[in-house]
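The values are calculated or read from the model by the stated rules, or taken from the named source; none is laboratory data. The structure displayed is predicted, hence computed values, not measured ones. Positions of Cβ are generated from backbone atoms using ideal geometry, with glycine treated the same way; all protein chains shown enter the neighbour counts. In case anyone asks, the SASA skips ligands and DNA or RNA and just uses the protein heavy atoms, side chains included. Shrake-Rupley method; radii C 1.70, N 1.55, O 1.52, S 1.80 Å.
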Amino acid sequence: MEQLIIFIKKEFKHVFRDNKTLLMLFGLPIAQIILFGFALTNEIKNSKIVVCDYAQDISSIQITERIASSKNFEIKKTIFDKEQIEESFREGDVKLVVVFPANFHKDLNHFNTAQIQVIADASDPNTASTLTSYINNIVRGYQQELNMTSMGSIKIVPEIRMLYNPELKGSTNFVPGVMALVLLLVCVLMTSVSIVKEKEKGTMEILLVSPMNPFTVIIAKAVPYFFLSLVNLTLILLMSIYLLDMPMNGSMVLLYFVSSILILCALSLGLLISNVTETQESAMLITLMGMLLPVIMFSGFMFPLENMPVPLQVISNIVPSKWYYIIVKSIMIKGLGIMSIWKEVLILSLMTSGLLIVSLKNFNIRLQ
Amino acid sequence: METETVIKAVDLTKKFGNFTAVDNISFEVNKGEIFGFLGANGAGKTTAMRMLCGLSKPTSGVANIAGFDVYTETEKIKSHIGYMSQKFSLYEDLTIAENINFFGGIYGLSDKELKEQSNSLIEKLDLSKNANKLVGELPLGWKQKLAFSVAIIHKPSIVFLDEPTGGVDPITRRQFWDMIYDAAESGITIFITTHYMDEAEYCNRVSMMVDGKIAALDSPSNLKEQYGAATMDDVFYYLARQAKRS
Amino acid sequence: MQDLIVNNVSKSFNKGKVKALVDVSFSVEKGELFGIIGPDGAGKTTLFRILTTLLLADEGMATVNGSDVIIDYKAIRNNVGYMPGKFSLYQDLTVEENLVFFASIFNTTVEENYKLIEDIYVQLEPFKNRRAGKLSGGMKQKLALCCALIHRPAVLFLDEPTTGVDAVSRKEFWEMLKRLKKEGITILVSTPYMDEANLCERIALIQKGEILSIDTPNNITEQYPDKLLAVKSDNMSLLLKDLRKNENVKSAFSFGEYHHISFVDGFKNDPMQSDLFGANNHTNISMKPIAATVEDCFIHLMSKHEVNGN
């Protein structure tokens, strides 16, 4: 036990004495969150839009003027035929089309309610959702003004249609993905590099020739990185909630519990990689190639899994981050409890135990 | 016969912060000379050698290498010297012929020269059967001999050898020295560091660095006489023991 | 009692392409200082790794301190100290932190065996708060030795402890080993420096994975078959060439300020009188008969081996 404690202390010293490790541990997640956060919350200026105006009445023109005067939009042209909408989008630079139906002003006056249609190019979902919300704001503003001057309560209902990506994977959907990515990447990288470093520097030889049980080495390596990863997780959560306005509707305890499973999974993967590599560089390379691509491709936060060919969908099932992504989304956004996600948690746990067993079995008690 | 000076250092100094790694060293090396550059670990040999190769700027002092100034003409220096160390010499994952072509190419040998040099070198080292073997597969001694030949492929005026024979077997070590003698006879100046004291005896002159300074510089026989020692080993031991810094 | 027994051990790498050890056998007595002498690539490190249970031999068996290196590897790991060829301590930990760490992984404390390392550690004490990576070569090596000794091992394996270390530190290191020997620790040390052979009680000369000879340094040098002469003149490089041209000269190699030469069998003339040096006029020739050194023997055995091998 004493051996273990002194070994763990040593690991912490390695971490805190090496600026590169510290940067990787804390700089990477911060950079990732800010990068994604920035990309998500960044204001979009001067987006080209098209107005399709069947009404050409006072209300439609007033709203169009407001849109035109907003710094977010630049009206490329006004059309009068729905047939031209597709065409406008195909030209490429048009991000959104606002359609005023005929009799827009009349409907407002007679029925106190009217519809406009907002069609967005959702192949870039972030831009699409940001832009539609800008339009919503402008329309709502107009509606409020009308209600203040007139007596009735007028309602303009925007009907939003997302082209190309109807589901609209929005901003909040990214954060759980980034969490999975950062936890996996950092944790696998740290574990594999710290073990391979001992091989490279020759200290592993001495450790192996000592009476110390090889499993003590593994546990001593795992404990510090487990805790550092939890610190990391906290950092990511704080930034997501306070910086990116990510909702937190479910149980924090459950979230930490599930994240611990993912961290364990990452530790096992790191161990596995350190078994087959001899240098820090190759450990890093394998980690980046082996983690980054599958996590980004198959977790579902970048590319919708439903749209993938079946073989790829099948492959995605063996990527642990996919399950973690589903679980975190359920907890944070939908606020679901363990009863609703026990299946995913079970799958993640089984994967983790499998990887752990394989990596422990493969840990060399000799040099070859 | 007029002797030509190819390395000239006057009060050469290199400081890292408060630490003076090389402290006012002055010496000259003549053309065709085999100059042994000895000293204990940490005495400042590596730092001094780096300055002479134009890899590191001196803090103060003057140094001329093959007639070029170490402050302003480092590029010219680099094309007039060869360098070989125990640690890095050749690419292990390239074949012998590929290594020769690569390094020859770096030093601007023409295709024709390269072909001639490469053939004569492979023949001289008796490697013709193995020319397409990866360097990594060669025994250490062969690698070092090949590395030396490659380091002088562009006929530099000076070749710097940093512990070239460390760990090499006794026969190959001597063959290596035969090659050094041949190179020196062809007019190439040899600047060499070594931990083998018998090799110090093979040098025309030997300098001993202690604590960043040159503590002694003379021919091996004169040094032995001066310090009343039977071997260079004793001379080295006597001088290095006086080191104060660690 | 024999503390180390190696029987017909062979090991190859890359699916048999590289033969690291070929049928190696020897044994070391308890408390003996035994040297493995050979150049880089001779198989020294592979041998050490097999004996320290880090590698499995392809063939043969070995016991260390009475335990089999394969079956009882755990027992061996409790009883041996090992200093690998490369400096293998934590460079980002201080001198003291390294020592405390290695003491604890060997289930002991620095205090428990301090007496054993005291002589060495007092030299390190002034730097105990310095990071190991910032120590000089000699100091690093002393620290590595302290760490390898901290649990008072029965057998100490030192793989090329003096490689890349200057002559002063090398001498000090051998002094330390002599003192350790008095403590009854069996020491197996490897080195590429032939001049260090004389500091061992017995040595094994090893080249290309094969043992050329095992004996005391004295016995090995006495077995040198030929008479040796040391020759020097003003032009040593020309002298060597001329000597090699002479058909009566069997071998000529430079050894520091002299060339060592031996003669072919049946060369009865007094070499002092005969014309050994060809047509060139050598000045200041001096010659003296000398006893062979370990390096002479190594060269002799190596050449003989290669002739037989081919």
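Return the residues of the range C:88-118 that are in contact (Cβ under 8 Å) with a residue 40 or more places away in the chain, hydrophobic (A, V, I, L, M, F, W, C) and more than 8 Å from chain A (Cβ to nearest Cβ); say none if nothing qualifies.
Correct list: C:Val95, C:Leu99, C:Ala103, C:Val110, C:Leu116.
Can we say B:Ile96 is in contact with a Gly (Cβ under 8 Å, 6 or more places away or on another chain), open to solvent by less than 40 Å² (accessible area, probe 1.4 Å), of a type in the set (A, V, I, L, M) and at pLDDT 85 or above? Explain how you work it out, then say what you get.
Numbers: in contact with a Gly (Cβ under 8 Å, 6 or more places away or on another chain): no; open to solvent by less than 40 Å² (accessible area, probe 1.4 Å): yes; of a type in the set (A, V, I, L, M): yes; at pLDDT 85 or above: yes.
For B:Ile96, the condition - in contact with a Gly (Cβ under 8 Å, 6 or more places away or on another chain), open to solvent by less than 40 Å² (accessible area, probe 1.4 Å), of a type in the set (A, V, I, L, M) and at pLDDT 85 or above - is not met.
From the list A:Leu207, A:Leu264, A:Leu238, which residue is assigned to a helix (DSSP H, G or I) and either outside the structural domain of A:Leu285 (by TED's automatic domain parsing) or under 25 Å from A:Pro294 (Cβ atoms) (or both)?
After ruling out the rest, the residue left standing is A:Leu264.
Return the pairs, sorted by first residue and then second, in which the second residue is of a type in the set (Phe, Trp, Tyr) and not in a loop (DSSP other than H, G, I, E, B), the first residue lies in the range B:213-235 and is closer than 14 Å to B:Cys203 by Cα, the beta carbons are less than 8 Å apart, and the residues are 6+ apart or on different chains.
So the pair list comes out as B:Leu217/B:Phe27.
Would the range B:11-23 turn up any residue that is surrounded by fewer than 16 Cβ atoms within 10 Å (Cβ to Cβ), at negative phi and in contact (Cβ under 8 Å) with a residue 40 or more places away in the chain?
If we filter the range B:11-23 for residues that are surrounded by fewer than 16 Cβ atoms within 10 Å (Cβ to Cβ), which is where we start, we get B:11, B:15-19.
After this cut, where a residue has to be at negative phi as well, the list is B:15-16, B:18-19.
Next, only the ones that are in contact (Cβ under 8 Å) with a residue 40 or more places away in the chain stay: B:15.
So far as the range B:11-23 goes, yes, one or more of its residues are surrounded by fewer than 16 Cβ atoms within 10 Å (Cβ to Cβ), at negative phi and in contact (Cβ under 8 Å) with a residue 40 or more places away in the chain.
Do we find that B:Gly36 is open to solvent by 10 Å² or more (accessible area, probe 1.4 Å), under 27 Å from B:Gly187 (Cβ atoms), within 14 Å of another protein chain (Cβ to nearest Cβ) and not hydroxyl-bearing (Ser, Thr, Tyr) in this structure?
Here the answer is no, as B:Gly36 does not meet what is asked.
Identify, please: which residue in the range C:191-230 is hydroxyl-bearing (Ser, Thr, Tyr) and out of contact with any Leu (no Cβ under 7 Å at 6 or more places or on another chain) and is, among those, farthest from the other protein chains (Cβ to nearest Cβ)?
Ranking the qualifying residues of the range C:191-230, first place goes to C:Thr216.
Among the residues of the range B:159-218, what is the count of those that are more than 13 Å from every other protein chain (Cβ to nearest Cβ) and hydroxyl-bearing (Ser, Thr, Tyr)?
2
So which of C:Gly85, C:Gly43, C:Gly138, C:Gly35 ends up being in contact with a Gly (Cβ under 9 Å, 6 or more places away or on another chain) and more than 11 Å from every other protein chain (Cβ to nearest Cβ)?
When all the criteria are applied, what remains is C:Gly43.
I need the helices (runs of 4 or more DSSP H) fully contained in the range A:1-59, keeping only those with at least 3 residues that are modelled with pLDDT under 85 and away from chain C (no Cβ under 14 Å).
So the answer is A:28-41.
Would a scan of the range A:290-299 turn up a residue that is over 14 Å from A:Leu184 (Cβ atoms), assigned by TED's automatic domain parsing to the domain that holds A:Ser240 and either of a type in the set (Ser, Thr, Tyr) or surrounded by 14 or more Cβ atoms within 10 Å (Cβ to Cβ) (or both)?
No, the range A:290-299 contains no residue that is over 14 Å from A:Leu184 (Cβ atoms), assigned by TED's automatic domain parsing to the domain that holds A:Ser240 and either of a type in the set (Ser, Thr, Tyr) or surrounded by 14 or more Cβ atoms within 10 Å (Cβ to Cβ) (or both).
Tally the residues that are more than 29 Å from the chain's Cα centre (by Cα) and in a helix (DSSP H, G or I), restricting the search to the range A:88-122.
Matching residues across the range A:88-122 total 9.
Do you know which of the residues in the range C:118-141 that are surrounded by fewer than 18 Cβ atoms within 10 Å (Cβ to Cβ) and not charged (D, E, K, R) is nearest to C:Val168 (Cα to Cα)?
Selected residue: C:Gly137.
Which of the residues spanning the range B:123-140 are open to solvent by less than 10 Å² (accessible area, probe 1.4 Å) and modelled with pLDDT of 85 or more?
Matches in the range B:123-140: B:Val135 only.
Could you check the range B:137-205 for helices (runs of 4 or more DSSP H) lying wholly inside it with 3 or more residues that are more than 18 Å from B:Val6 (Cα to Cα) and under 14 Å from the mean Cα position of the chain (by Cα)?
Correct list: B:140-151, B:170-185.
For (1) part of a helix (DSSP H, G or I); (2) at pLDDT 75 or above; (3) open to solvent by less than 40 Å² (accessible area, probe 1.4 Å); (4) more than 30 Å from A:Gly335 (Cβ to Cβ), each residue gets a yes or a no:
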position	(1), (2), (3), (4)
A:Thr130	yes, yes, yes, no
A:Ile138	yes, yes, yes, yes
A:Thr172	yes, no, no, no
A:Val193	yes, yes, yes, yes
A:Ile219	yes, yes, no, yes
A:Leu228	yes, yes, yes, no
